[in-house]
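The values are calculated or read from the model by the stated rules, or taken from the named source; none is laboratory data. Note that the structure is a prediction, hence the values are computed from the model and not measured. When we count neighbours, we look across all protein chains shown, and the Cβ atoms used for this are built from the backbone with ideal geometry, even at glycine. Surface areas here come from the heavy atoms of the whole protein model, side chains and all, with no ligands, DNA or RNA. Shrake-Rupley method; radii C 1.70, N 1.55, O 1.52, S 1.80 Å.
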Amino acid sequence: MSFDSFCLHPTICANIARIGYETPTPIQAEAIPHVAEGHDIMGLAQTGTGKTAAFLLPIIHRLMTTKPEKRGVRALILAPTRELAEQIYQAGVDLGRGTRLRATVIYGGVGMFPQVRALRQGVDIVVACPGRLLDHMNQGNVRFDALETLVLDEADHMFDMGFLPDLKRILSALPEKRQTLLFSATMPPAIAGLARETLTDPITVRIGHLAPPSTVEHAIYPVSAHQKAPLLLHLLGEAGKDSVIVFTRTKHRAKNLAQQLCRAGHKATCLQGNLSQRQRQIAMDGFRRGAFQVLVATDIAARGIDVSQVAHVINFDIPDTAEAYTHRIGRTGRAERDGQAHTFVTGEDMSMVRAIEAHMKKPLPRRELEGFEPDPDEFRRTYAPARRPMRGRPGGYSDRPRQGGFRARDAQPRGDRPQGDRAPAPRADRPRDERPRTERPRSDRPMAARPRDGERRSTFGLSHDAAERQGDRRPRRTFQEGVSAA
Ligand code: AMP
């Protein structure tokens, strides 16, 4: 199948070709025709499947080819985190280049005023996190009388983050006659209920790896912290020419490690939140083409990357949640190919290992390589005993702090917090500003959110004039103008 079969507007086809998409992913092949016909969709798919283009392409096509009945916002896309909102917006900029459609992105942690200006100047598409959008709606900054299509992306994460009440309030202010597309990786009862309430005769599209592929071989390497880099070099030696993704906890570590690997003669690059979109694209394209054999990435920066030929995922740092483990290793062992997931663990990581095993419902094999055995004293000193299972949580163990219930006190709306979609696990040894905001003493919390991986603290949504006044030369953030400046 090719993109031509969707009969999309020639400008969109040109954008698809320029970005380099050759064939539609399965979810695109299934969903695009239904979305284009105006059906409601229940999409069971996770990030990495190409779902963003699956909804953006037909939405952009329809907005370009039909006249609106009223003036105003015609498409609203809700996402749980600012990283995802930003990513969707960026995808819109790429896919909507040259279309004259205007878009803006709305999330917390940045000033309201530039967003108010962008909304008042008039936009066709709004990509938003629910908390901040509701603030704007309450202040009368935006109305949705002209809304044609609503997208609820990562609905299960929105629910996890306590957004359901906000979502319902937003839904109650939208026209009943509209198209609704709901995407979720899982289908807990609350999301099934939301789907029943919001979708009319939906078509279900189910794609992706909701469980880790069975073709992946797992290995846990108990090591001392100083052995991680030598062990990585050893494993890369074993990997030969295979493609490898290495995950680190921080963007600085991703950058340094990639440099270290290059010095050791590997073709390595990194993907982390301090890179510009262009640099990220260069890294990703190079990795996809095989110009780089190793990609060192952080979770948030790597969210959504989908490289089918990855043979090894190496968790240089253990992920912060058990779910993140399955997300990471979901990048290998695709399409029934063999893949290997290697995880380096120090003593303090053992409670997370157990959380992952509980989540996977099986023990993961330990592997010790000669010359890389951990120092038993150090391992014992840092050993973190298992936590007691949390009541009411499937899978039992979780180091993840609960996210609900902080809203009233937090400086920012829920979900717009700079934590990605999952708060990092509490770790006493983590540098102060890398601990979740809620764990830090008040005196230690920054006035405004510090940017984390994959996010930019920006004058996001600034109009051209306001941006210039503040010395920001970036173009006004519309699909159209994002394009002309690119
Ligand atoms: P998503 O699941 O929407 O986050 O997309 C995951 C990644 O796949 C993004 O980096 C997209 O740019 C990329 N992508 C989406 N559709 C295609 C396609 N048809 N061909 C190649 N890459 C794609």
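Starting from the stretch 1-23, take each residue that is more than 12 Å from G98 (Cα to Cα) and in the same structural domain as P33 (by TED's automatic domain parsing) and list its partners that are away from the ligand (no atom under 11 Å from the Cβ) and in a helix (DSSP H, G or I), counting only C-beta distances under 6 angstrom and pairs at least six apart or across chains.
From residues that are more than 12 Å from G98 (Cα to Cα) and in the same structural domain as P33 (by TED's automatic domain parsing), the pairs are L8/H61.
Quick one: A29 ticks every box in (1) at positive phi; (2) of a type in the set (G, A, S); (3) within 24 Å of the chain's Cα centre (by Cα) except a single one, so which number is it?
Status for A29: all satisfied but (1).
F6: in contact with a Leu (Cβ under 8 Å, 6 or more places away or on another chain) and open to solvent by less than 10 Å² (accessible area, probe 1.4 Å), yes or no?
no
Identify, from the list E69, E22, the residue that is at pLDDT below 90 and closer than 25 Å to A146 by Cβ.
Every option except E69 fails the conditions.
Which one of these is assigned to a loop (DSSP other than H, G, I, E, B), surrounded by 24 or more Cβ atoms within 10 Å (Cβ to Cβ), more than 12 Å from the ligand (Cβ to nearest atom) and not β-branched (V, I, T): P68, P58, P80?
So the residue among P68, P58, P80 that is assigned to a loop (DSSP other than H, G, I, E, B), surrounded by 24 or more Cβ atoms within 10 Å (Cβ to Cβ), more than 12 Å from the ligand (Cβ to nearest atom) and not β-branched (V, I, T) is P80.
Anything in the stretch 19-52 that is assigned to a helix (DSSP H, G or I), away from the ligand (no atom under 12 Å from the Cβ) and open to solvent by 10 Å² or more (accessible area, probe 1.4 Å)? List them, or say none. Give the steps one after another, and end with the answer.
Taking the stretch 19-52 as the starting set, the residues that turn out to be assigned to a helix (DSSP H, G or I) are 19, 26-36, 51-52.
Still in the list and also away from the ligand (no atom under 12 Å from the Cβ): 30, 33-36.
Those that are assigned to a helix (DSSP H, G or I), away from the ligand (no atom under 12 Å from the Cβ) and open to solvent by 10 Å² or more (accessible area, probe 1.4 Å): E30, P33, H34, A36.
Cβ-Cβ distance below 7 Å, separation of 6 or more or different chains: which pairs start in the stretch 155-167 with a residue that is under 19 Å from L181 (Cα atoms) and end on one that is charged (D, E, K, R)?
As it stands, the answer is H157/D421; F163/R414, since those pairs meet every condition given.
Please count how many residues of the stretch 84-93 are open to solvent by 10 Å² or more (accessible area, probe 1.4 Å) and either farther than 18 Å from A118 by Cα or away from the ligand (no atom under 15 Å from the Cβ) (or both).
Count: 2.
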